[in-house]
Amino acid sequence: MPKLIEVLLARQYLMLILIALLLLGGGINTYSLRGSTEPREAGIAAEMLQDSQYLVPRLNGRDFLEKPPLSYWLQAAALHTLGYQPLAVRLPSIAASIACVCLVFFSLKKICANAELAWLGALSLLTMASFWMNARTAGQDALLTFGVALALFSFNFAHATPSRWLPWLAYALGLCIATLTKGVVGLAVPGIIILSYLLIEIFAIERKFVWGHWWRPALFAVIGLLPLLLWLFSLYQRQGAAAVQQILWSNSIDRFAGDYQFGAHSEPFYYYLKKLPETFAPWNLLLFFALWQLRHEMKRDKNTLFFICWLVAPYLLLSLSAGKRPPYLLMIYPTAATLIALFVRNAAASLAQKTQPTAIYRLALLQTLMLSGISGFIVWHAWKLHLHGAAIVLAIFLIAALATAWRNLLAREWRQLSSYSLLVMLIVYTGYGAAMLQHEKRQDSSDAIFAQMRALEHEGHTLVLFGPIERVAGAANFYLQHSIPALDDAAQLQVLLERDRTVAALVAESDLAQLHDYRVLANFLDQKRKYSIVAGAAATP
């Protein structure tokens, strides 16, 4: 019997991973690097691989000390294994996100001893829009979220059974991943959550100080910080104190205070309140109702208290920070999914006692209306993109799933309604990722620019970038698979164009006024910015 249980458990995880791979991996390699972040991240990882220099992240020959190097190491390893394709630089985010989903599943199975609730929590996380999109994006946010989630889920188990060392080691490993991914924030966010939880436990629940509750997380936090400290020491030996200060202060404290010289995404304190309608979508209504209902459970259930601290403390901390972006909230998405599952557990008991059927029915009605609206929009959007076949297939599957969901709602069959609501979103994400996203992102790609530059290079031209922004410098490294000289002085570029007729320079249209006697070889539009490839006036066609 134990072997059979192990096999079934293993199959559950295998099924969960396969579902996550389908949702997160569908169409992932069909569209090129997008936005400003992906080309930059890909360029840094590519330069590491090209130069075999892994200590200091560099972008087009210049040190890039905004973040520690873990994500770049993983992306470089994926590039080495899979080659220069978008999947390679997105693979660490996908893997970290799948690991997060499995963590939620594992934790809920331990807490609730109920596989259905574990599935509900895991799939709720997987189908949150921001989580899904960031899981498919090259960057640090998904990896940071996994590190924070591993540290906090492990702390929760370790705190309940302090004599067990494995959860404490997992806690240290999570902090190691989080801090090697994003530095100070990887320690600050778990730290503020654990601090708030322990203080509430002392003053509102146990009303006594237990020394062991404090020294164990502190000790294993130090252990988790050792790899970051080792990397910082190596950086100090190579480049001195200024480089270490840039990582630990300029790109952390200054960003928080809004003094970061390159811009800190500065927003007002209420920025995340404005973003509430899209935060945790499409399950935000369910989460807000869950928080209202679970507020009474905090004194009776330490798990509920801990997960609410995990949700609220970082939200307030990040709201105080000057720098704000929606992906920064990704660290609280795993606890949001967990709280939804805990609410459903309690709601099932309430429904059995018939204490709150009207409130839950109204919530379910609003949630089903929202899912119906999302489904209709996705089908309409696919048709608008002239993907008529995909739109028809999506419509068929979504109508079938929604019809069953509405029937379950009217019959008040809550378990089936939950299952079909999740199925609706699984269909939406699968269709959107596999069939539609690549068509939306055609205007958000540097492919055409660097395909032309690659062709010019094959014809014997020497390529140069003039005043490249991070996106362009990174894309050049990735698409051309080698670094390109970058110039910031227009006079220097002018001399180069006149002296060497084989030089072809990529220049933003706004910078062309600084040049004269040049010939335009090609024009491009990239993310609403116009670029030209220019050569000397007498260059051979």
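Quick notes on this structure:
- Against the rule of thumb 2.2 N^0.38 Å, how large the Cα Rg of segment 8-97 comes out: 1.23
- For segment 307-387, a/c is not less than 1.5, where a ≥ b ≥ c are the root eigenvalues of the C-alpha gyration tensor, and a/b does not top b/c. That puts it in the oblate class.
- Helix 388-410 and the longest principal axis of the C-alpha atoms of the chain enclose an angle of approximately 20°.
- Dipole of the chain, positive end: most advanced residue of 371, 20, 430 [Cβ charges, Cα centre]: 371
- Rounded, prolate or oblate (a/c below 1.5 giving rounded, otherwise prolate when a/b exceeds b/c) for segment 275-431 by Cα gyration tensor: oblate
- Segment 157-316: Rg to Rh, with Rh as the Kirkwood radius over Cα pairs: 1.02
- Taking all protein chains as shown and a probe of 1.4 angstrom, residue 166 keeps an accessible surface of around 130 Å².
- For the chain, the 222 nm mean residue ellipticity estimated from helices alone, with every DSSP H stretch of n ≥ 4 adding -39500 (n - 2.57) and the total spread over all residues, rounds to -21000 deg cm²/dmol.
- Charging the Cβ of each Asp and Glu at -1 and of each Lys and Arg at +1, and nothing else, the dipole of segment 13-101 about its Cα centre rounds to 120 debye.
- Across 67/274; 67/110; 182/299; 208/324; 182/530; 324/528, pairs whose alpha-carbon gap is larger than 30 Å: 67/110; 182/299; 208/324; 182/530
- Helix 357-384 vs. the chain, principal-axis angle (Cα, 0 to 90°, nearest 10): 20
- Helix axis angle, 212-239 relative to the chain longest principal axis, alpha carbon, degrees: 10
- A 1.4 Å probe, protein heavy atoms only, puts the accessible area of residue 458 near 150 Å².
- Solvent exposure, largest accessible area first (probe 1.4 Å, DNA, RNA and ligands not counted), of 464, 244: 244, 464
- Farthest toward the positive end of the dipole of the chain, out of 358, 474, 70, is the Cα of 358, where the dipole comes from beta carbon charges about the Cα centre.
- Ordered from largest to smallest accessible area (heavy atoms of protein chains, 1.4 Å probe), the residues 279, 430 come out as 430, 279.
- Relative contact order of the chain, pairs being alpha-carbon contacts under 8 Å that are 6 or more residues apart, as %: 18
- Accessible area of residue 530 in the full protein assembly, 1.4 Å probe (Å², nearest 10): 110
The values are calculated or read from the model by the stated rules, or taken from the named source; none is laboratory data. Bear in mind that the values here come from a model prediction, so they are computed numbers and not experimental data. Glycine gets a Cβ as well: all are built from the backbone with ideal geometry, and neighbour counts include every protein chain shown. Calculation scope for accessible area: heavy atoms of the full protein, side chains included, ligands and nucleic acids excluded. Shrake-Rupley method; radii C 1.70, N 1.55, O 1.52, S 1.80 Å.
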